[in-house]
Amino acid sequence: MDISKEKLEWIYTTMYRIRRFEETMLEQTLKGNSMGVAHTSDGQEAPPTGICAHLTDKDWIGSTHRGHGHCISKGLDTSAMMAEVFGKSTGQCGGKGGSMHISDFSKGMLGANGIVGASIPLAVGAALTAKLKGIENESVGVSFFGDGASSQGVLHESMNLASVWKLPVIFACENNGYAEATPSWYAVSTEDVSARAEGYGMPGVVVDGMDVFAVYDAAGEAIARARAGEGPSFLELKTYRYHGHFHADDTSKYRKPEEEEYYKSLDAIKHFERTVSKQKLMTEKKLKSIRDSVEQEMLDAVEFALSSPMPEISTLYDDVYVNYSNPIAGLR
Amino acid sequence: MTTSQANNPLGPGYEGVAGSEMRFRDIFRDTLRAEMNRDEDVFLMGEDISGGFDKDTKEPLDAWGGPFAATKGLVQEFGVERIRDTPISEAGFVGAAVGSALTGMRPVVDLMYFDFVTVAFDQLLSNAAKSRYMFGGQTKVPLTLFARSGAGTGHAAQHSESFYSMLAHIPGLKVVVPSDPYSVKGLLAAAIRDDDPVFLVNDKKLINLTGFVPDEEYVIELGKGRYMRRGTDVTLVGMSYTSVVCQKAAEQLAESGIDAEVIDMMSLSPFDEDILIESVAKTNNVVIVDEDTPRASMSSEFAAVIADKGFDHLDSPVKRVTSPHSPVPYNSALEQAFMPQPEDIVKTVRGMLGRD
Ligand SMILES: Cc1ncc(C[n+]2csc(CCOP(=O)(O)OP(=O)(O)O)c2C)c(N)n1
Ligand SMILES: [Mg+2]
């Protein structure tokens, strides 16, 4: 296998961190410690991990309402993420954004986004910046979106733009089979979303999104192509979300238990563990020490979020603009 | 009960009218059902309005029954042709609804959260609102849309907007904002039967509220407001959920001997200029309360009309209590500070009447 030891450790740490962040966050949300709506991405660890393994802080990603895995893969701090979900002043956005709007521009993360499809052209824009500055080799744009989002017009416009301008973009469609309760076979007119790629003149491939090595390889090719100035690519990552659409959603109303069991048998983390032990690439001792440190990190994140202060009410009026001469505070 | 009586209820429990206490969400669904039974050209489109399909049988599962279960059960009654689940393509299916309305159907579209209207905005503004006018009256667009607005539920900036003023700004579009189970029944029925495009904006905070609903069929005339409470000292103008907030403020004001009148506008375009002027002529003081942001808003529009047509009645400047000129924050304390509260209204009224 052509992956360094450090990279393997990073991949395992990242996938386990996503898994445990989501489980912990969901538990905290159901306890009432989160201040709002939260979408979990456990089960879908492989796509963001396998893709972001090739990226640096100079590369940009656009994300979705289900964005925690993208954030973690891009290196965001889990304590600041948890604090944001708890609405605290120490949160990644000072408690203003919440779960659906976590971002970190210092890490090349353009923000989770609550409008389905809305972040797709942002990654195209980041790639346009790279092209204008002549730094495509070190700054590509990756757009994460779901099977549901693939029906938005803005995806199609964005793909065409990226293609005619030959921009360094990776369209990463995380097809988890559902948009809310709507199955993708109902809403998407082709068997595979990646079939769209041909119509916009870019390569499109279907990738096993439960296998982080497959994702890593496919993403490596697409990103190398982008960095070489050869334009955009489309990856469709077939994956599965373990929990409901949002924290209070009951999947038993629209998914069969056999289907859920089947995907759990493909679990991306277990698949990784099996592969590295079979090929003697990582010891169980090493794997366990990574898990232990992530467990501690989650305890710390919750503790940090719980003990952090609430934002000052005056921050309500901050950052609407950079400059604005009228009062924002309203008419009370 | 005639329409004009229906327009003038003094709150719930009107004497002698048969009816019952109902949840907003239940009467909303019952009204959709009644309108679909009444006219077979009426059909419904939106994301997850039944929600989910069996892989093998392809039958609808009605797993979501619509956002906030607004349409639960309707697919069993009317089938998948008339309760039509859509892909996430707001520009496409709103545009298709306009096209279908132009050719003889009466589509009703559930846009889920009000914020998503922007994805379909071009279809609403350029096609739904203008077709009749620019084609010289040859056609009409009997389209109804509805969506959920409002802060207070931890949905953050992109799922909490109340910018119905943006819709009311558009010539050719009508906008209504129910504030209780009674008004949603009459307004939704009127919207669906109306031959122009009508957008019904429904604040999320109303969905689980209950209130008195007359049994009989009725419509509320578009463009009419109503009195929720009679008073003599000050007029509180509410719309959508702020009509509830105004009633709470009026109760608090009553404790300190201030007798507030509460108007619920119900319709934003067209809107009831007469009721505004009639009330201000009596109370001589007015506070307009809106969760929408204040610039170029319904509150500024109502204030302009009162200044123009009711100036001589005023003892004090027209006051507004609105959200700040900002997006909606996530943190719940900030969110509460964003929304107009009864206390903000009380403070404003006391200030204007010199009773601090
Ligand atoms: C423009 C818009 N329409 C509808 C929604 C409501 N909504 C939020 S997530 C979602 C489903 C998205 O499905 P998909 O793109 O497959 O992502 P997944 O949730 O499966 O990760 C919908 C319909 C929204 N947020 N924005
Ligand atoms: Mg999906």
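The values are calculated or read from the model by the stated rules, or taken from the named source; none is laboratory data. Everything numeric here is computed off the predicted structure, so don't read it as measured data. Note that each Cβ is placed from the backbone with ideal geometry, even for glycine, and that neighbours are counted across all protein chains shown. Quick note on the areas: whole protein, heavy atoms, side chains included, nothing else; ligands and nucleic acids left out. Shrake-Rupley method; radii C 1.70, N 1.55, O 1.52, S 1.80 Å.
Is it the case that some residue within region B:283-292 is open to solvent by 10 Å² or more (accessible area, probe 1.4 Å) and out of contact with any strand residue (DSSP E or B) (no Cβ under 9 Å at 6 or more places or on another chain)?
Scanning region B:283-292, I find no residue that is open to solvent by 10 Å² or more (accessible area, probe 1.4 Å) and out of contact with any strand residue (DSSP E or B) (no Cβ under 9 Å at 6 or more places or on another chain), so the answer is no.
Name every residue in region A:271-298 that is within 24 Å of the chain's Cα centre (by Cα) and polar (S, T, N, Q), in order of residue number.
A:Thr275, A:Ser293, A:Gln296
Within the group A:Ala222, A:Ala195, which residue is open to solvent by 50 Å² or more (accessible area, probe 1.4 Å), aliphatic (A, V, I, L, M) and without any contact (Cβ under 8 Å) to a residue 60 or more places away in the chain? Lay out the reasoning, then the answer.
Details: A:Ala222 fails: open to solvent by 50 Å² or more (accessible area, probe 1.4 Å).
Residue meeting the stated conditions: A:Ala195.
Would you pick out the residues in region B:187-209 that are within 11 Å of the chain's Cα centre (by Cα) and open to solvent by 10 Å² or more (accessible area, probe 1.4 Å)?
Within region B:187-209, just B:Lys204 meets the criteria.
Is there a residue in region A:210-220 that is within 16 Å of ligand 2 (Cβ to nearest atom), within 14 Å of chain B (Cβ to nearest Cβ) and within 24 Å of A:Ile18 (Cα to Cα)? Don't jump to the end; show me each part of the working.
Our first condition is that a residue be within 16 Å of ligand 2 (Cβ to nearest atom); within region A:210-220, this holds for A:210.
Now restrict to residues that are within 14 Å of chain B (Cβ to nearest Cβ): none.
No.
Between A:Thr49, A:Thr56, which is within 24 Å of A:Ala214 (Cβ to Cβ) and open to solvent by 40 Å² or more (accessible area, probe 1.4 Å)?
A:Thr56
I'm trying to understand the selection: among the residues of region A:137-169, which are away from ligand 1 (no atom under 16 Å from the Cβ), open to solvent by 10 Å² or more (accessible area, probe 1.4 Å) and farther than 21 Å from A:His70 by Cα?
Of everything in region A:137-169, those that are away from ligand 1 (no atom under 16 Å from the Cβ), open to solvent by 10 Å² or more (accessible area, probe 1.4 Å) and farther than 21 Å from A:His70 by Cα turn out to be A:Asn137, A:Asn160, A:Leu161, A:Ser163, A:Val164, A:Trp165, A:Lys166.
Among the helices (runs of 4 or more DSSP H) contained in region B:293-356, which hold 1 or more residues that are touching a residue at least 12 places away in the same chain (Cβ under 8 Å) and at the interface with chain A (Cβ under 7 Å from one of its Cβ atoms)?
So the answer is B:332-338, B:342-352.
What about A:Val188, is it within 12 Å of ligand 1 (Cβ to nearest atom) and either aliphatic (A, V, I, L, M) or open to solvent by 30 Å² or more (accessible area, probe 1.4 Å) (or both)?
Numbers: within 12 Å of ligand 1 (Cβ to nearest atom): yes; either aliphatic (A, V, I, L, M) or open to solvent by 30 Å² or more (accessible area, probe 1.4 Å) (or both): yes.
Yes.
When you go through (1) facing another protein chain (nearest Cβ under 9 Å); (2) in contact with a Ser or Thr (Cβ under 9 Å, 6 or more places away or on another chain); (3) of a type outside the set (A, V, I, L, M) one by one for A:His101, which number turns out not to apply?
(2)
Do we have any residue at all in region B:170-183 that's within 30 Å of B:Phe338 (Cα to Cα), assigned to a helix (DSSP H, G or I) and either facing another protein chain (nearest Cβ under 10 Å) or within 16 Å of ligand 2 (Cβ to nearest atom) (or both)?
The initial filter retains those residues of region B:170-183 that are within 30 Å of B:Phe338 (Cα to Cα), namely B:170-171, B:173-183.
Applying the additional criterion that residues be assigned to a helix (DSSP H, G or I) yields B:181-183.
Applying the additional criterion that residues be either facing another protein chain (nearest Cβ under 10 Å) or within 16 Å of ligand 2 (Cβ to nearest atom) (or both) yields none.
So far as region B:170-183 goes, no, none of its residues is within 30 Å of B:Phe338 (Cα to Cα), assigned to a helix (DSSP H, G or I) and either facing another protein chain (nearest Cβ under 10 Å) or within 16 Å of ligand 2 (Cβ to nearest atom) (or both).
What residue, of A:Phe246, A:Phe234, is part of a loop (DSSP other than H, G, I, E, B) and in contact (Cβ under 8 Å) with a residue 24 or more places away in the chain?
Details: A:Phe234 fails: part of a loop (DSSP other than H, G, I, E, B).
That would be A:Phe246, the only listed residue that is part of a loop (DSSP other than H, G, I, E, B) and in contact (Cβ under 8 Å) with a residue 24 or more places away in the chain.
Residue pairs, Cβ under 8 Å, 6 or more apart or interchain, first in region B:73-94 and without any contact (Cβ under 8 Å) to a residue 60 or more places away in the chain and assigned by TED's automatic domain parsing to the domain that holds B:Lys58, second open to solvent by 40 Å² or more (accessible area, probe 1.4 Å) and away from ligand 1 (no atom under 16 Å from the Cβ). List them.
Short answer, once both residue conditions are applied: B:Gly73/B:Arg29; B:Leu74/B:Arg29; B:Leu74/B:Arg33; B:Glu77/B:Arg33.
Looking at region A:92-117, which of its residues are hydrophobic (A, V, I, L, M, F, W, C) and within 16 Å of ligand 2 (Cβ to nearest atom)? First the steps, then the outcome.
Filtering region A:92-117 down to residues hydrophobic (A, V, I, L, M, F, W, C) leaves A:93, A:100, A:102, A:105, A:109-110, A:112, A:115-116.
Of everything in region A:92-117, those that are hydrophobic (A, V, I, L, M, F, W, C) and within 16 Å of ligand 2 (Cβ to nearest atom) turn out to be A:Met100, A:Ala112, A:Ile115, A:Val116.
Is there any pair with a first residue in region B:105-119 that is away from chain A (no Cβ under 14 Å) and a second that is open to solvent by 10 Å² or more (accessible area, probe 1.4 Å) and in a helix (DSSP H, G or I) whose Cβ atoms are under 6 Å apart and which are 6 or more apart or on different chains, and what are they?
B:Pro107/B:Ser100
Taking region A:287-332 only, how many residues are assigned to a helix (DSSP H, G or I), within 14 Å of another protein chain (Cβ to nearest Cβ) and touching a residue at least 60 places away in the same chain (Cβ under 8 Å)?
Step one: filter region A:287-332 for residues assigned to a helix (DSSP H, G or I), giving A:287-307, A:313-317.
Narrowing further to those that are within 14 Å of another protein chain (Cβ to nearest Cβ): A:305, A:313-317.
Narrowing the set further to residues that are touching a residue at least 60 places away in the same chain (Cβ under 8 Å) leaves A:305, A:315.
Selection size over region A:287-332: 2.
Return the pairs, sorted by first residue and then second, in which the second residue is within 14 Å of ligand 1 (Cβ to nearest atom) and open to solvent by less than 10 Å² (accessible area, probe 1.4 Å), the first residue lies in region B:142-159 and is touching a residue at least 24 places away in the same chain (Cβ under 8 Å) and not assigned by TED's automatic domain parsing to the domain that holds B:Phe68, the beta carbons are less than 8 Å apart, and the residues are 6+ apart or on different chains.
none
May I ask you to say which residue of A:Ser106, A:Ser73, A:Ser89, A:Ser41 is away from every other protein chain (no Cβ under 12 Å), of a type in the set (Ser, Thr, Tyr) and surrounded by fewer than 24 Cβ atoms within 10 Å (Cβ to Cβ)? Walk me through how you get there before you give the answer.
Values: A:Ser73 fails: surrounded by fewer than 24 Cβ atoms within 10 Å (Cβ to Cβ); A:Ser89 fails: away from every other protein chain (no Cβ under 12 Å); A:Ser41 fails: surrounded by fewer than 24 Cβ atoms within 10 Å (Cβ to Cβ).
Exactly one of A:Ser106, A:Ser73, A:Ser89, A:Ser41 is away from every other protein chain (no Cβ under 12 Å), of a type in the set (Ser, Thr, Tyr) and surrounded by fewer than 24 Cβ atoms within 10 Å (Cβ to Cβ), namely A:Ser106.
Taking into account only those residues within region A:152-180 that are more than 11 Å from ligand 2 (Cβ to nearest atom) and within 13 Å of chain B (Cβ to nearest Cβ), which is nearest to B:Ile88 (Cα to Cα)? I'd like the intermediate steps shown before the answer.
Narrowing region A:152-180 to residues more than 11 Å from ligand 2 (Cβ to nearest atom): A:152-172.
Pick out the ones that are also within 13 Å of chain B (Cβ to nearest Cβ) and you get A:152-157.
Working: A:Gln152: 6, A:Gly153: 9, A:Val154: 11, A:Leu155: 11, A:His156: 13, A:Glu157: 15 Å.
The extreme case among them is A:Gln152.
For region B:207-290, which strands (runs of 3 or more DSSP E) that fit wholly inside it have 3 or more residues that are free of Cβ contacts under 8 Å to residues at least 60 places away in the same chain?
Numbers: elements: B:210-214, B:226-229, B:234-238, B:260-264, B:267-269, B:286-290.
It comes to B:260-264, B:286-290.
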